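Trainee: Structure below; questions to follow.
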Amino acid sequence: MLKQWDRYLPSEKLRRLVYKGVPPQVRGQVCLRLLNVDQVKARNARKYQEMKEAALVSSRDIMQIDLDVNCTFRSHTMFWDHYGVG
């Protein structure tokens, strides 16, 4: 279904399948498509980066979050890059 997403998007079949549960292997891809993340990112191309930079400057909690993430999720691939996807 992911390969033919546009065909299934406005369908009752897709709604029923999502209601039954999305397999963990494809859950991330399905969520991105259901939320139209690509379109939202295209409309707000620099917004995320601007917000991230503003948080680094103004947030007192960033240092503590960095420490906690490093201790808690040290080997998790999403947190290997400092200020990356995770």
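Trainee: Could you work out [θ]222 nm for the chain from helices alone, using -39500 (n - 2.57) per DSSP H run of at least four and dividing by all its residues? Round to the nearest 500 deg cm²/dmol.
Mentor: So the calculated ellipticity at 222 nm is -16500 deg cm²/dmol.
Trainee: Mind pulling the angle between the C-alpha long axis of helix 62-72 and the longest principal axis of the chain? Nearest 10 degrees, somewhere in 0 to 90.
Mentor: Its long axis makes an angle of about 70 degrees.
Trainee: With θ set to phi - 60°, apply the Karplus curve 6.51 cos²θ - 1.76 cosθ + 1.60 along the stretch 2-16 and write out the HN-Hα couplings as whole Hz, x wherever there is a Gly or Pro.
Mentor: Working through the residues one at a time gives 5, 5, 10, 4, 4, 5, 9, 3, x, 10, 5, 4, 4, 4, 5 Hz.
Trainee: Still on this structure: Per residue, how much accessible area does the chain show when a 1.4 Å probe rolls over the protein heavy atoms, in square angstrom?
Mentor: Working: 7820 Å² over 86 residues.
Result: 91 Å² per residue.
Trainee: Just give me a number: lysine pairs in the chain, eight or more positions apart or cross-chain, with C-alpha atoms less than 25 Å apart.
Mentor: So the count works out to 4.
Trainee: Report the extension gain between ASP38 and LEU2 in nm, rounded to one decimal, defined as 0.36 nm multiplied by the number of residues separating them, less their alpha carbon distance.
Mentor: 11.5 nm
The values are calculated or read from the model by the stated rules, or taken from the named source; none is laboratory data. Here the structure is a predicted model, which means the values were calculated and not measured. Surface areas here come from the heavy atoms of the whole protein model, side chains and all, with no ligands, DNA or RNA. Shrake-Rupley method; radii C 1.70, N 1.55, O 1.52, S 1.80 Å.
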